[in-house]
Amino acid sequence: MKVDAHILGSGLWQAPERDLSSVLLDLNENQFLQQFLARFIATQLQPQDLFTYPNYQPLLEELASYCKVPTQHVLLTNGADQAIDLLLRLLFSPGDRVVIPSPVFSFYYQMLDINGVTPVVVGYEKQAQDFVLPTAAVLDALSTCQGLILCNPNNPLGGRLEAEQLQALVEACVKQDKPVIVDECYFEYLQQSCQDTFSGVSQLFVIRSFSKYFGLAGLRLGYVVTHPESVRELLKVRGPWDINHIAVKAALYCLRNQDELRQAHESLDQIKGEILEICRAHGIVAYGSDTNFLLLQDQSDGCLARTFAQNNIRVSHCSGYPHSFGLLDDMLRVAIPAKSDLKVFLMALISGAQSAAGWGNVKTGRSIMLTAQDGSGVLQDRTDSGCKG
Ligand SMILES: Cc1ncc(COP(=O)(O)O)c(C=O)c1O
């Protein structure tokens, strides 16, 4: 039997089977909207939402207004993953070469593979505790390639591209009339978009998601913002009903209750700050993040990973990430935990650090008092009490 050679030769990223009773910090899911979403379920859902096909126009209009573009510039997709699939199919042909700064969200590689498109990888560079993308190397690679894929902020690195750098890269693509896909799945945590500068430019394809800030990963809703002519072409490839009715209603509920969403997210920054503080106190390297996750450097013996596993906390192990140039060796990516999971997370973090040989000599001579957010008292971390190792 004949099977497509590109699909046969492609890598495979399979969704993990997870124990959903674990503390789930491995897939950058939003831990902060449980009450908000419970209210949506209790007040908005009807049987009709399950037995009818949805209307898309109201969501398209409100989303366009959220993105500050006309409605015809927006295409709904079944998660940002489908947006990646559709765009690569529309924009590239077998034999094409596409610049892809890496490490980056690895689903791009799989979709490039199955379309017979060659990724031309340009590596981020580590400078102190930052990851920097060398603009000149990207521009150089672009001159012999058919397009560029950027992820801003980057998953798994967590950081953003500087506005001037992003502008220079998009401008180069526009000038050379080559498509540039900018994945902005974590846009809401950064609040900077290349849409602001390049809205309506036909070479620009912005991908967004409702899985992260809006907390709807299970409903599978993403979208593309681009020129209306491309939206028309993409609609030929996307199935007419690929976005489900409940996702449409939930997205409208999110867009209509943004003040409440903002309030629910206030504790995210505070918790992120607390975790960074603990990391500093224990000598654990944590990288700057413009997202809802942090990248932590484990010891080579995996002591942090072990204590997380022992405490039923799932995190993402980044060592095997493709095209990572060693930047992600012994790195763990962890979503910011909900208040209710913070105590168990911090205790695991501290106990992992204290059991590590490399961190054993860190003494700050101070105690950190953490309010246990579930109201069950305080956790006292006496970093001057001596560390093992
Ligand atoms: C950078 C990036 N792009 C795309 C996706 C896929 O998002 P969705 O759940 O909307 O398919 C993710 C999910 O983690 C991501 O991190």
Set the Förster distance to 45 Å, then compute FRET efficiency between THR43 and ALA137 from the Cβ-Cβ distance, nearest 0.05. 0.30
Just to confirm my numbers, what's the Cα centroid distance between region 255-301 and region 81-150 in Å? 27
Amide H of VAL98: which non-local residues (sequence gap of 5 or more, or other chain) have their own amide H closer than 5 Å, using H built in the peptide plane? THR118, VAL120, GLN146
Specify the longest stretch of the chain that does not include any exposed loop site, a site being one of the GluC sites (Glu not before Pro) with a non-H, G, I, E, B DSSP assignment and at most 14 other Cβ atoms within 10 Å. 163-389
Which longest run of the chain has no exposed loop site in it, a site being chymotrypsin sites (Phe, Trp or Tyr not before Pro) in a DSSP loop with at most 14 other beta carbons within 10 Å, and the site itself not part of the run? 14-240
For region 1-53, which trypsin sites (Lys or Arg not before Pro) are in a loop by DSSP, counting at most 14 other Cβ atoms within 10 Å? LYS2, ARG18
What lysines sit close enough to LYS212 to cross-link, taking a C-alpha to C-alpha distance under 16 Å and skipping anything fewer than 8 places away on the same chain? LYS272
The answer for PHE293, listing residues at least 5 apart or on another chain whose modeled amide H is closer than 5 Å to its amide H, is ILE336
Phi to ³J(HN,Hα) by Karplus 6.51 cos²θ - 1.76 cosθ + 1.60 over region 95-101, Hz, x for Gly, Pro: x, 5, 10, 10, 6, 9, x
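Rule-based calculations on the coordinates, nothing more; no lab input. What you are looking at is a predicted structure, and each value in this text was computed from that prediction instead of being measured. So basically every Cβ, Gly included, is an ideal-geometry build from the backbone, and we count neighbours across all protein chains shown.
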